[in-house]
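Please read the structure below before turning to the comments.
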Amino acid sequence: MTHFPERSSRTASAPLALGLSLCLLTGCTGTVERGAAVNLALLTGGGSALQRVQLPAASSDMPRPAAVLGDPVAVEAGVDLHPLPAGRSFVLTRRPAAEERSAALAPLNTFQAPPFPACWQASAVSPGAERYFAVSQCEGGPQNAALYNSRGELQWWAALPLAAPPLDAADMPPLRVAVAGEVGVVARPLLGGGSEMLRVAVRSPGDKQAETSVPQRTVAVRDLATLSVAGRATVYAATDGGVFPLTTAGVPDANPLPAFGPGRYDRLWASEEMVGSSPILAAWRSESAQTGRQPLRVWDGVSTAEGSAQTADLFADLRDVALADGYLYLLTRDSLLRYDAVLGVRQGNWRLENLGLRLNDARALVRTFAAE
């Protein structure tokens, strides 16, 4: 989740700090909209369809009208969704190509083909979405990485060192990527257990072929996310022992982020929009037959106290998370839920609203803005 500062906020009674932060981000006119319309794009059908969700605006004395789920638009081998600057369009990562799609889900642009067969497996965007980074691996073939700008122009590519994945897929960490500035980060499973980390970047600006760092063996890295606070981007790793910032060498630091404690986490989502004075980082451990439903924990980006991350709720099969207008949208396999992130982060009051949608094997979501 790397989402943009939104054009509207929450209620006239929202905390002053929230209103000020949104003004700084969006250019307020002196009033704060209440219940502004929200548009989302979903990847559903196990990656075979895109769907729009429209949440109409609410007036000051009426509840928000029911969410409207659009008809599915067929796509081939969808993997993930990412925002683009200004939010008028988004990136759809498919196995064979990355595409820019409009808020109405129509194809706008196909990203430039790389100089290797494209079978995209994992992708991410930088905070602000100026850069898109992805790793490709076709059946039985080598891994390659590529960095694009937001217009879909290839900036550089790199052939990754030969991978040695585990023979036993049981509890194997996944292939995950992140990007901060012009540097891509790759975490991939390693024979013998754990993960190995690689940093990918060009030696000199303008180079078309990038170089990779020497792969470094580390603990199992389950997910990566880039959080930008006060202009400084930090890549975090979800591991079996907590959430760790990555060092400049691209490996988990010796000390975990205190807010999440020492438990295992499998997914991470970082916001671009602020709640109060900082964006948020959310972490979740995948539920299983042994563990059952697991808590989604949300860090305000500020607190350094041990275990200070808030528990929003318990979830099974959580697929994606997005922050929009002070609300946290959570996607499960078959539903879309909304929580009040402002009250949750400030007061621990995570008010649930089930948007009443029935989804089919949903995979990802992204906030969009309709053309004006």
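The values are calculated or read from the model by the stated rules, or taken from the named source; none is laboratory data. Given the structure is predicted, the values throughout are model-derived calculations rather than measurements. Don't worry about glycine lacking a Cβ; one is built from the backbone with ideal geometry, like all the others, and counts go over all protein chains shown. Heavy atoms of the whole protein, side chains included, go into the accessibility calculation; ligands, DNA and RNA do not. Shrake-Rupley method; radii C 1.70, N 1.55, O 1.52, S 1.80 Å.
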Enumeration of residues in the stretch 252-263 that are open to solvent by less than 30 Å² (accessible area, probe 1.4 Å) and outside any strand (DSSP E or B)
257, 259, 260, 261
Condition (residue is buried (at least 23 other Cβ atoms within 10 Å of the Cβ) and farther than 18 Å from residue 241 by Cα) applied to the stretch 299-306: is it met by at least one residue?
no
Here the residues within the stretch 26-49 that are at pLDDT below 95 and not in a strand (DSSP E or B) are 26, 27, 28, 29, 30, 31, 32, 33, 34, 35, 36, 37
For the stretch 326-360, how many residues meet the condition of being among the acidic types (Asp, Glu) and under 18 Å from residue 68 (Cα atoms)?
2
Listed residues 320, 334, 361; which is among the acidic types (Asp, Glu), open to solvent by less than 50 Å² (accessible area, probe 1.4 Å) and outside any strand (DSSP E or B)?
361
Mind telling me which of the residues 163, 169 ends up being without any contact (Cβ under 8 Å) to a residue 12 or more places away in the chain, assigned to a loop (DSSP other than H, G, I, E, B) and over 24 Å from the mean Cα position of the chain (by Cα)?
169
Looking only at the stretch 195-238, filter to residues that are among the basic types (Lys, Arg) and assigned to a loop (DSSP other than H, G, I, E, B); which one of those is most open to solvent (accessible area, probe 1.4 Å)?
203
Could you please find all residues in the stretch 343-352 being crowded, with 16+ Cβ neighbours inside 10 Å and touching a strand residue (DSSP E or B) at 6+ places or on another chain (Cβ under 7 Å)?
344, 345, 350
When you look at residue 159, is it among the small types (Gly, Ala, Ser) and either touching a Lys or Arg at 6+ places or on another chain (Cβ under 8 Å) or closer than 23 Å to residue 238 by Cβ (or both), yes or no?
no
When the residues of the stretch 156-175 are narrowed to those that are open to solvent by less than 50 Å² (accessible area, probe 1.4 Å) and of a type outside the set (Gly, Ala, Ser), which ends up modelled with the lowest pLDDT?
166
